[in-house]
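Peer 1: Pasting in a structure now, in structure tokens, and then I'll have a few things to ask.
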Amino acid sequence: PRATGPFVPVNCAALPIDIIEAELFGAEKGAYTGASERRIGRFELASGGTLFLDEIGELPLDVQVKLLRVLQERSVLRLGGVHEIPLDFRLICATNRELEQEVRDGSFRADLYYRINVFRLHLLPLRERLSDIEPLAEHFLALFAHRFSRSFKGFYSEAIELLKSHRWDGNIRELRNAIERAALVERTPKIRCESLPIGEGQSTVSTEGSAMLDLP
């Protein structure tokens, strides 16, 4: 039933450490320096729908404690607030870290890990999902063609074969960046191999990971 509700994505790695709690849990006016008005947190915004915490392994330990409490109680207390706010949401988490090792190292709370690790999906690397490469490339090409006010008629078959033969150590992010570059430099109606930044000397950062879904 929450599928038609709001979808609120949060990149935990990009949240500034000094306002991360206010972003997630909300804050009342005057709760901290610069809080000139009430802030509605991401948990409240996702109530009735889905909250997606990307890179959950980046959350500081003290925030993990408060996150665990919200998940257990299904309510949130804004910073500076006095009343609990009931919540109804579905939680999806993603990480490119090995959280089991993080738990052993003490950098991720064991109780939070077991709370979110209810239904786990391991995402295969892009090189093991060859059938996904062409539709993803077409999607990104349409995206960047619109952004750069360009017009393309797709890819030459040789370019598609080149895309399918690449390792894609950086997975979908690497593919997205490759298509963005091609959309910038290509001067013909279709994307050629020469416009794709694929070949010797290319380096990427792996973003392979797994997703964990908390489905109450």
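Peer 1: On average, how much accessible surface per residue is there in the chain, in Å², for a 1.4 Å probe, leaving out ligands, DNA and RNA?
Peer 2: Heavy-atom SASA per residue in the chain reads 55 Å².
Peer 1: Could you tell me which residue out of Phe43, Gln72, Ile116 lies farthest along the dipole of the chain toward its positive end? Charges go on the beta carbon: Lys and Arg +1, Asp and Glu -1, centred on the Cα centre.
Peer 2: After comparing all options, I get Phe43.
Peer 1: Net charge around Thr188, counting only other residues with Cβ within less than 14 Å of its Cβ (Lys, Arg = +1; Asp, Glu = -1)?
Peer 2: My count for the surroundings of Thr188 gives +2.
Peer 1: If I ignore ligands, DNA and RNA and count only protein heavy atoms, how much of Val103 is accessible to a 1.4 Å probe, in Å² to the nearest 10?
Peer 2: Ignoring ligands and nucleic acids, Val103 comes out at about 40 Å².
Peer 1: Listed highest first by mean packing, meaning other Cβ atoms within 10 Å per residue, what order do 105-116, 53-64 come in?
Peer 2: By packing density, highest mean first, the sequence is 53-64, 105-116.
Peer 1: So for Phe25, Phe52, what's the accessible-area order with a 1.4 Å probe, most first?
Peer 2: The ordering from most to least exposed comes out as Phe52, Phe25.
Peer 1: Nearest 20 debye, what's the magnitude of the dipole of the stretch 86-176 about its Cα centre given +1 on Lys and Arg Cβ and -1 on Asp and Glu Cβ?
Peer 2: For the stretch 86-176, the charge dipole is close to 260 debye.
Peer 1: For Gly106, what is the net charge nearby, where nearby means another residue's Cβ is under 15 Å from its Cβ and Lys, Arg count +1, Asp, Glu -1?
Peer 2: Here the count lands on -3.
Peer 1: Could you work out the local net charge near Asp18, counting Lys and Arg as +1, Asp and Glu as -1, over the other residues with Cβ closer than 14 Å to its Cβ?
Peer 2: -2
Peer 1: Using a 1.4 angstrom probe and counting only protein chains, how large is the accessible area of Glu23 in Å², to 10?
Peer 2: 30 Å²
Peer 1: When a/c is below 1.5 the answer is rounded, else prolate if a/b is larger than b/c, else oblate, so apply that to the stretch 1-55 with a ≥ b ≥ c taken from the square roots of the Cα gyration tensor eigenvalues.
Peer 2: Oblate, because a/c is 1.5 or more while a/b does not exceed b/c.
Peer 1: While we're looking at this one, here's another question. Rounded to the nearest 0.05, what FRET efficiency do Cys193 and Asp132 give with R0 = 22 Å and r taken as the Cβ-Cβ distance? Could you check?
Peer 2: 0.65
Peer 1: Sort Val65, Val10 by heavy-atom solvent-accessible area, probe 1.4 angstrom, most to least.
Peer 2: Per-residue accessible area, sorted high to low, gives Val65, Val10.
Peer 1: Could I ask something else about it? Percent of accessible area on the stretch 145-196 owned by carbon and sulfur, 1.4 Å probe?
Peer 2: 49 percent
Peer 1: What ratio of Cα Rg to 2.2 N^0.38 Å holds for the chain?
Peer 2: That ratio works out to 1.24.
Peer 1: Leaving ligands and nucleic acids out of the surface, order His166, His83 by accessible area at 1.4 Å, largest first.
Peer 2: Per-residue accessible area, sorted high to low, gives His83, His166.
Peer 1: For His83, project a label point 7 Å along Cα to C-beta. Then give me every residue of the stretch 47-75 with its amide nitrogen under 18 Å of that point.
Peer 2: Residues 47, 74-75 qualify, since their backbone N sits under 18 Å from the label point.
The values are calculated or read from the model by the stated rules, or taken from the named source; none is laboratory data. These figures come from a predicted structure and were not determined experimentally. Reconstructed Cβ throughout: ideal geometry from the backbone, glycine too, with neighbour counts over all protein chains shown. Heads up: the accessible areas ignore ligands, DNA and RNA and are worked out on the full protein's heavy atoms, side chains in. Shrake-Rupley method; radii C 1.70, N 1.55, O 1.52, S 1.80 Å.
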